[in-house]
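All remarks here apply to the structure that follows.
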Amino acid sequence: QVQLVESGGGLVQAGGSLRLSCAASGRTFSSYVLGWFRQAPGKEREFVASISRSGQGTYYADSVKGRFTISRDNAKNTVYLQMNSLKPEDTAVYYCAATSAISLATLINRYDYWGQGTQVTVSS
């Protein structure tokens, strides 16, 4: 079992940057593929990025490609989401998630564990 706790959200102006962190409990962190998702008010939760167990493989939603970077530190049981060139449409609650799937995953139902979310608000 894995428990995930996000941090790093906040209010930022358009064009600014934020780095989200997600700390995980458990000794098997490196055995999970990890992902970031987001949910804006009145919208469905959507995929943002995923990273492989080793950290060498990543995949991004088209809407964030080139602006966001997912990374992980297996020694610290932490996954990160560096968000640059933020836009008002990036405003959402951001969630990290973990899956025991072998490959990168974009579908919500592939993920077994979820954090409680952290709010990101981008002002124009």
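Structure summary
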| item | result |
| --- | --- |
| Residue that is most open to solvent (accessible area, probe 1.4 Å) [pool: residues in the range 64-96 that are farther than 13 Å from Arg19 by Cα and in contact with a helix residue (DSSP H, G or I) (Cβ under 8 Å, 6 or more places away or on another chain)] | Asn74 |
| Every residue from the range 18-51 that is open to solvent by 60 Å² or more (accessible area, probe 1.4 Å) and assigned to a loop (DSSP other than H, G, I, E, B) | Arg27, Thr28, Pro41, Gly42, Lys43, Glu44, Arg45 |
| The range 52-63, subset of a type in the set (Ser, Thr, Tyr) and part of a loop (DSSP other than H, G, I, E, B), residue surrounded by the fewest Cβ atoms within 10 Å (Cβ to Cβ) | Ser54 |
| Out of Ala101, Ala105, sole residue that is aliphatic (A, V, I, L, M) and within 13 Å of Ser31 (Cα to Cα) | Ala101 |
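Here's the yes/no breakdown for (1) modelled with pLDDT of 95 or more; (2) touching a strand residue (DSSP E or B) at 6+ places or on another chain (Cβ under 6 Å); (3) at positive phi:
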residue: Val2; (1), (2), (3): no, yes, no
residue: Gly15; (1), (2), (3): yes, no, yes
residue: Ala24; (1), (2), (3): yes, yes, no
residue: Arg27; (1), (2), (3): no, no, no
residue: Trp36; (1), (2), (3): yes, yes, no
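So that you can scan it fast, the table gives a plain yes or no per residue for (1) free of Cβ contacts under 8 Å to residues at least 12 places away in the same chain; (2) of a type in the set (Gly, Ala, Ser):
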residue: Ala14; (1), (2): no, yes
residue: Cys22; (1), (2): no, no
residue: Gly26; (1), (2): no, yes
residue: Glu44; (1), (2): yes, no
residue: Ile51; (1), (2): no, no
residue: Asn77; (1), (2): no, no
residue: Leu81; (1), (2): no, no
residue: Asp90; (1), (2): no, no
residue: Thr99; (1), (2): no, no
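The values are calculated or read from the model by the stated rules, or taken from the named source; none is laboratory data. Values in this document were obtained by computation on a predicted structure and should not be read as measured data. Virtual Cβ from ideal backbone geometry, glycine too; neighbours counted across all protein chains shown. Only protein heavy atoms, including side chains, enter the accessible area calculation; ligands, DNA and RNA are left aside. Shrake-Rupley method; radii C 1.70, N 1.55, O 1.52, S 1.80 Å.
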